[in-house]
Each structure stands twice: as C-alpha cells, then as structure tokens.
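Notes to accompany the following structure.
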Amino acid sequence: MANFQPFGTGGDAENPRRFANLEASDLDELLEAAHSKRTKYSNAFAVSVSVYKEWALQRNISKELHEQSEEELDQNLRVFYAEVRNKTGENYGKSTLLGLRSGIERHLNYPPHNRGIKFSKNPAFMKSNMILDAKIKNLKQLGKQNTKHKPAITTPDLQKLRVHPVLFA
C-alpha cells in the first residue's frame, strides 16, 4: 500500500486519474489505520477476546471465535456470559459484561475477520442475549451493580458554591 493515496487522484503526475485502483487489502489497511492502537485496546479487542479465550481453554473449546458459526457463537456466548467472573471470582458488573460482548463483536467485525455480526440485533444470538439480560437483572436484584452513584449535592452546599468568589469571579 505504499502508493495508497486516500485523498489523492490516483495515477501519476502525467496521467492523473479521478479514481484510484485499490485492492481489498488496501481497503482493510485503510480501516485498520483509522483506529489508533489505544482505541483498539480500549475497544477491548485484547481484553474481551483474551477473557473469552481463557474461558474457552478451560472448557476445551478449540475453535477460534472467528471460525465459529453463528449457532456455535450463540451457544458458546450463552455459557460464557453465565460463567464469566473476574480474577477474584466475583461476578462482573453490567457495564463490564456489556463491554465484553462489545469487544468480542468488534473483534469479529474488524479486519481481518469482517464478519458483520451485531449480537444485540441479530435473532441468531437470541439465547445468548437472553442469558446476558438475565444475568444483568440478577445482579441488579442482588444489589451488585457496578454503577455506584454519588449522592446529589445538598442545597446548602450548592448555595456556598454559588457565592464563592473563586468559582464565579
């Protein structure tokens, strides 16, 4: 992709072309370049997939995520969501569970796999989504959600802030 010019005209200086001729690998490279290394990591490519792989290893599942059919993925994710825990054995909270699902989905949808899967909207993943929803509801019933909100600021404290010279000078 040394000659790839995403915003150029293609061709050479003497014979410029309006449209560049790109290979499929050029398009994949363009997509890959659009995501910084930090974005890839924060998207849980590494974390979600490694947690899944660790679980799959314990369950003797040798097929890689990208090699599984939608039916196999649904069945495996169904059990994964129910069984996954953090390193201390505690249940993950809602946002972490949803982050794991999102990270696995992104892993499958980005190059080189390009599966085009949407777990939350595809009926093929109904069983795994039902388990995930049930687990999240169960965590809520047990009072083990990981979102802990701070109490609202009191009216007297708000009044103090409003008259403070540093804040509203």
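May I ask you to list pairs of residues, at least six apart or on different chains, whose Cβ atoms are under 9 Å apart, with the first in region 64-83 being touching a residue at least 40 places away in the same chain (Cβ under 8 Å) and under 13 Å from Glu105 (Cα atoms) and the second being β-branched (Val, Ile, Thr) and in a loop (DSSP other than H, G, I, E, B)?
Once the first residue is touching a residue at least 40 places away in the same chain (Cβ under 8 Å) and under 13 Å from Glu105 (Cα atoms) and sits in region 64-83, its partners that are β-branched (Val, Ile, Thr) and in a loop (DSSP other than H, G, I, E, B) give Glu70/Ile117; Leu73/Ile117.
Can you confirm whether region 92-104 contains a residue that is in contact (Cβ under 8 Å) with a residue 24 or more places away in the chain, surrounded by fewer than 12 Cβ atoms within 10 Å (Cβ to Cβ) and more than 14 Å from the chain's Cα centre (by Cα)?
No, region 92-104 contains no residue that is in contact (Cβ under 8 Å) with a residue 24 or more places away in the chain, surrounded by fewer than 12 Cβ atoms within 10 Å (Cβ to Cβ) and more than 14 Å from the chain's Cα centre (by Cα).
Among the residues of region 50-103, write down those that are assigned to a helix (DSSP H, G or I) and small (Gly, Ala, Ser).
Ser50, Ala56, Ala82, Ser95, Gly99, Ser102, Gly103
Taking region 38-59 only, how many residues are surrounded by 15 or more Cβ atoms within 10 Å (Cβ to Cβ), at pLDDT 75 or above and among the hydrophobic types (A, V, I, L, M, F, W, C)?
5
Go through (1) surrounded by fewer than 17 Cβ atoms within 10 Å (Cβ to Cβ); (2) part of a loop (DSSP other than H, G, I, E, B); (3) at pLDDT 90 or above for His35 and report which single condition fails.
(3)
Report whether or not Gly143 is exposed (fewer than 13 other Cβ atoms within 10 Å of the Cβ), modelled with pLDDT of 90 or more, assigned to a loop (DSSP other than H, G, I, E, B) and among the small types (Gly, Ala, Ser).
Against the criterion (exposed (fewer than 13 other Cβ atoms within 10 Å of the Cβ), modelled with pLDDT of 90 or more, assigned to a loop (DSSP other than H, G, I, E, B) and among the small types (Gly, Ala, Ser)), Gly143 does not qualify.
Of the conditions (1) part of a loop (DSSP other than H, G, I, E, B); (2) basic (Lys, Arg); (3) in contact with a helix residue (DSSP H, G or I) (Cβ under 7 Å, 6 or more places away or on another chain), Lys127 fails just one. Which one is it?
Unmet condition: (1).
The values are calculated or read from the model by the stated rules, or taken from the named source; none is laboratory data. In this text, all values refer to a predicted model and were calculated from it rather than measured experimentally. Every residue, glycine among them, receives a Cβ derived from its backbone with ideal geometry; neighbour counts consider all protein chains shown.
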